[in-house]
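Read the structure below first, then the notes.
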Amino acid sequence: MDKQKQQQAYENYVKQKTPVHNLPANMAKAFVTGGAICVIGQCILNFCKSQGIDKELSGGWTSMLLILLSVLLTGFNIYPSIAKWGGAGALVPITGFANSVASPAIEYQKEGQVMGIGCKIFTIAGPVILYGIFTSWVLGLIYWIGKCSGVF
């Protein structure tokens, strides 16, 4: 009986400490956050086009300015709050990737340029880059084999 009481007490403790997630609310927050980032990007794109910059160059400026804004907000410790509230809506776009590179650089700057920033900057983003490049290589290989064999 003592073991059953301990097990029940443990289960109650786990239920008490486990966070409860509201999926529809999280999805709505992600939608609003991601949508806001897209609206900001579209405003930058429209402004660039209105200044006579061609479509391709406007897209480059939009990406660079969104990355800059994300890094600045990360530096002022604002972007982590946005990401906590918006979840995937803030982490999936290019701004989230910029945040994942800037955060370790800011956190480990006290350890120096080489052992701090240099070693830790891609702690979060490194796996994304690695598997992105590897997947691109595999798909390129498949495409090349398909082209050589006449499938594509």
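FYI, it's all coordinate maths here, none of it is from the lab. Keep in mind that what you see is a predicted model, and the values were worked out from it rather than measured. Ideal geometry is used to build each Cβ from the backbone, glycine not excepted, and the neighbour counts take in all protein chains shown.
Summary of values
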read-out: Estimated [θ] at 222 nm from DSSP helical runs (n ≥ 4, -39500 (n - 2.57)) normalised by residues in the chain, nearest 500; value: -25000 deg cm²/dmol
read-out: The stretch 15-95: chymotrypsin sites (Phe, Trp or Tyr not before Pro) in DSSP coil with no more than 16 other Cβ atoms inside 10 Å; value: Phe76
read-out: Segments 106-112, 144-150, 122-128, 96-102 sorted - mean Cβ within 10 Å per residue, highest first; value: 96-102, 122-128, 106-112, 144-150
read-out: The chain: angle of helix 2-17 to the longest principal axis, Cα-based, in degrees nearest 10; value: 30 degrees
read-out: Rounded to whole Hz, the Karplus (6.51, -1.76, 1.60) HN-Hα couplings of the stretch 81-88, x for glycine and proline; value: 5, 5, 5, 5, 6, x, x, 4
read-out: Karplus-derived HN-Hα couplings along the stretch 31-43 (A = 6.51, B = -1.76, C = 1.60, θ = phi - 60°), whole Hz, x at Gly and Pro; value: 4, 5, 5, x, x, 5, 4, 5, 5, 4, x, 5, 4
read-out: Euclidean distance of C-alpha centroids, the stretch 66-99 and the stretch 23-57, integer Å; value: 14 Å
read-out: For the stretch 1-101, convex hull volume per residue from C-alpha positions, Å³; value: 117 Å³
